[in-house]
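Down below is the structure, laid out as structure tokens.
The values are calculated or read from the model by the stated rules, or taken from the named source; none is laboratory data. Quick caveat: nothing in here was measured; it's all calculated off a predicted structure. In this analysis, Cβ positions are derived from the backbone assuming ideal geometry, glycine residues included, and neighbour counts consider all displayed protein chains. Protein only, heavy atoms only, side chains kept; ligands, DNA and RNA dropped before computing areas. Shrake-Rupley method; radii C 1.70, N 1.55, O 1.52, S 1.80 Å.
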Amino acid sequence: MPDFASTAFWISVLQIIAIDILLGGDNAVVIALACRRLPERQRNRGIFWGVLGAIGLRVVLIYFALQLLTIPYLKIVGGVLLFWIGIKLIQPENDGEDGHGDVAGSTTLIGAIKTIIVADAVMSIDNVIAVAGAAHGSIVLVVFGIAVSIPIVVWGSKLVLTLMDRFPIVITAGGALLGWIGGGMLISDPGLPATVRAIIPHSAYAASALGALLVVFVGKRLAGRRNLGLVDQDPDPLRQRESKGDKT
């Protein structure tokens, strides 16, 4: 049973909430798209039951993820996946790549609920891995963190997306958080010899900090190259010169 009075417990809760906000914002969009064709009186019911089913399925997936992470070397795999997810989060988005247009709105309540649950399951793999890493093996922490974060995701996603658009540092901080959790997963893998942790001072914090820095560094470098490539592909030579600072 987790210690609700401990600082570590509440830090983990805050990490889970942040992960759900950063990686679960698209889920609110899916909910809206799935329910858009329902009669007005059924939309709230569709949202309620769809979100409830999605939460239940996610808790089950995270529970199995927690069991898998006790197997030697799987935490290393999970940590590397979190690095990749964090780097991907920092990359600029391309129009038409989010797949929201593929979410069909249903004209029946049951159909909308099924759409929400299935779409959430498909889109939540990264979320499941990240939350499992932040939970440190506690299913109680998982349930508590998700229960707190779901209302924020559903009703506050527009605000969060606006903040991300206006303040890019929010996205960078999110990538760093995933790198921090990924680094902690790597160093705490049960298959890693204890001597490795022993020879590194404050190994857990050192690995977490290194993971955060790695994700931000690689993510920013790749984003810079991607933006440069988009400038080079611009068919308008005047905009190319302006983008590159050529005033001649």
Notebook entry, point to check: Taking amide hydrogens as modeled 1.01 Å from N in the peptide plane, which residues meet the under 5 Å criterion relative to R37, leaving out close sequence neighbours?
Noted result: S106
Check: Using mean Cβ contacts within 10 Å as the protection proxy, how do 199-211, 57-69 order, highest first?
Finding: 57-69, 199-211
Checklist line | Pair N227, A194: separation of 7 Å Cα→Cβ label points (nm) | finding: 4.8
Item checked: Computed E for V118/F64 - FRET, C-beta separation, R0 25 angstrom, nearest 0.05 -> 0.90
Check: Mind listing the phi-derived Karplus ³J(HN,Hα) values for region 37-42, rounded to whole Hz, using 6.51, -1.76 and 1.60 with θ = phi - 60°, and x for any glycine or proline?
Finding: 9, 6, x, 3, 5, 9
Notebook entry, point to check: What is the calculated FRET efficiency for L52 to S138, with r their C-beta to C-beta distance and R₀ = 22 Å, to the nearest 0.05?
Noted result: 0.50
Next item on the list: Grab the Cα-Cα distance for R36 and S203, subtract it from 0.36 nm times how many residues apart they are, and report the gain in nm with one decimal.
Entry: 55.2 nm
Check: Using heavy-atom solvent-accessible surface (probe 1.4 Å) with all chains present, what is the largest-first order of T70, T115, T108?
Finding: T70, T108, T115
